[in-house]
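**Student:** Please read through the structure below; I'll follow up with questions.
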């Protein structure tokens, strides 16, 4: 699906594809091959630039072709309460347009005219920096969710003997691995953009204003913070998984030890009853109180067994 927006003096106007105008933003979410070909013809962008972000395994990088700048970054997404992943997002800057291409419409890009507050389509460089900033804050948001979710799982794991919580921690650790790789490559993209701005390359396409320099610094700070957080959470989560795997095994051993002790205690009266149940002469068989004596004897021996196991800390 292709949507087009353009910022004007009276507000933001949505255009119908393929009617494009200079200074507009073209957003292609999960486009078809026909839509990519039409967009390539209208915007003058090579098809391989447009289709680069449609590869789920595409890493973050920058490509330049004459006056066209392609920036691919990886954006965080959540598929569940403990299932996190990343998806490539392509941002293409030309002298006339800004084009975004992604496999799915996420939370980073505005979905409608109403949600475009703060975005200006003809300020292409600032638009790119705003996308980078929102991407970094999105990573921080999901990292905080992962931290809260791991605390909840930790509370259950302290008394758990199941593997379900470990599977959830494994999913969180897998998401952190994806985040680490994405943030590392995204930071390289931001650093390369900074050098691009400083060297004055692509001047016709990329123009940084004075008010954009603070935003660029904020982008760097947010990415550095997100990268440090994802590394810290990854180390904590890895250590937590190892520790709680041992705790679950220890909890299971304690249960098995308790059940074994109970089995020993219950085996004592069973053995005594078996001896007195044999079809041979046994003590107290002629006594009217024989049953009570055997019962008391069984209870006494069981009590002594339980006391011995308790002193040995086996019960």
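**Student:** Just to be sure before I move on: is residue 282 over 30 Å from residue 153 (Cβ atoms), without any contact (Cβ under 8 Å) to a residue 12 or more places away in the chain and assigned by TED's automatic domain parsing to the domain that holds residue 94 in the structure I sent?
**Tutor:** no
**Student:** Here are 121, 125: which of them is at pLDDT below 90, touching a helix residue (DSSP H, G or I) at 6+ places or on another chain (Cβ under 7 Å), farther than 16 Å from residue 193 by Cα and surrounded by 15 or more Cβ atoms within 10 Å (Cβ to Cβ)?
**Tutor:** Residue meeting the stated conditions: 121.
**Student:** When you go through (1) surrounded by 10 or more Cβ atoms within 10 Å (Cβ to Cβ); (2) without any contact (Cβ under 8 Å) to a residue 40 or more places away in the chain one by one for residue 312, which number turns out not to apply?
**Tutor:** (1)
**Student:** Quick one: would you say residue 87 is modelled with pLDDT of 85 or more, surrounded by fewer than 21 Cβ atoms within 10 Å (Cβ to Cβ) and within 26 Å of residue 226 (Cα to Cα)?
**Tutor:** The answer is yes for residue 87.
**Student:** To continue, here is another question. Exactly one of (1) under 23 Å from residue 15 (Cα atoms); (2) at pLDDT 85 or above is unmet by residue 148. Its number?
**Tutor:** The failed condition is (1).
**Student:** Starting from residues that are outside any loop (DSSP other than H, G, I, E, B) and over 22 Å from the mean Cα position of the chain (by Cα), keep the ones in region 90-109 and report whichever is surrounded by the most Cβ atoms within 10 Å (Cβ to Cβ).
**Tutor:** Of everything passing the filter in region 90-109, 92 is surrounded by the most Cβ atoms within 10 Å (Cβ to Cβ).
**Student:** Within the group 253, 235, which residue is exposed (fewer than 15 other Cβ atoms within 10 Å of the Cβ), within 30 Å of residue 132 (Cβ to Cβ) and modelled with pLDDT of 80 or more?
**Tutor:** Going through 253, 235 in turn, the sole match is 235.
**Student:** I would also like to ask the following. Take residue 239 and decide whether it is in contact with a helix residue (DSSP H, G or I) (Cβ under 8 Å, 6 or more places away or on another chain), assigned by TED's automatic domain parsing to the domain that holds residue 94 and assigned to a helix (DSSP H, G or I).
**Tutor:** no
**Student:** Any residue that is surrounded by fewer than 18 Cβ atoms within 10 Å (Cβ to Cβ) and at pLDDT 85 or above - is there at least one of those in region 64-80?
**Tutor:** No; the residues of region 64-80 include none that is surrounded by fewer than 18 Cβ atoms within 10 Å (Cβ to Cβ) and at pLDDT 85 or above.
**Student:** Any idea which residue in region 42-69 is farthest from residue 177 (Cα to Cα), counting only those that are within 33 Å of the chain's Cα centre (by Cα) and part of a loop (DSSP other than H, G, I, E, B)?
**Tutor:** Only one residue tops the list, namely 55.
**Student:** Looking only at region 52-76, which residues are free of Cβ contacts under 8 Å to residues at least 40 places away in the same chain and farther than 20 Å from residue 33 by Cβ?
**Tutor:** 63, 65, 66 - these are the residues of region 52-76 that are free of Cβ contacts under 8 Å to residues at least 40 places away in the same chain and farther than 20 Å from residue 33 by Cβ.
**Student:** Please find, within region 270-289, the residue that is surrounded by the most Cβ atoms within 10 Å (Cβ to Cβ) out of those that are touching a helix residue (DSSP H, G or I) at 6+ places or on another chain (Cβ under 8 Å) and assigned to a helix (DSSP H, G or I).
**Tutor:** The extreme case among them is 272.
**Student:** Right, something else. Give 244, 258 a once-over and let me know the one that is assigned to a helix (DSSP H, G or I) and touching a residue at least 60 places away in the same chain (Cβ under 8 Å).
**Tutor:** 244
The values are calculated or read from the model by the stated rules, or taken from the named source; none is laboratory data. The structure displayed is predicted, hence computed values, not measured ones. Every residue, glycine among them, receives a Cβ derived from its backbone with ideal geometry; neighbour counts consider all protein chains shown.
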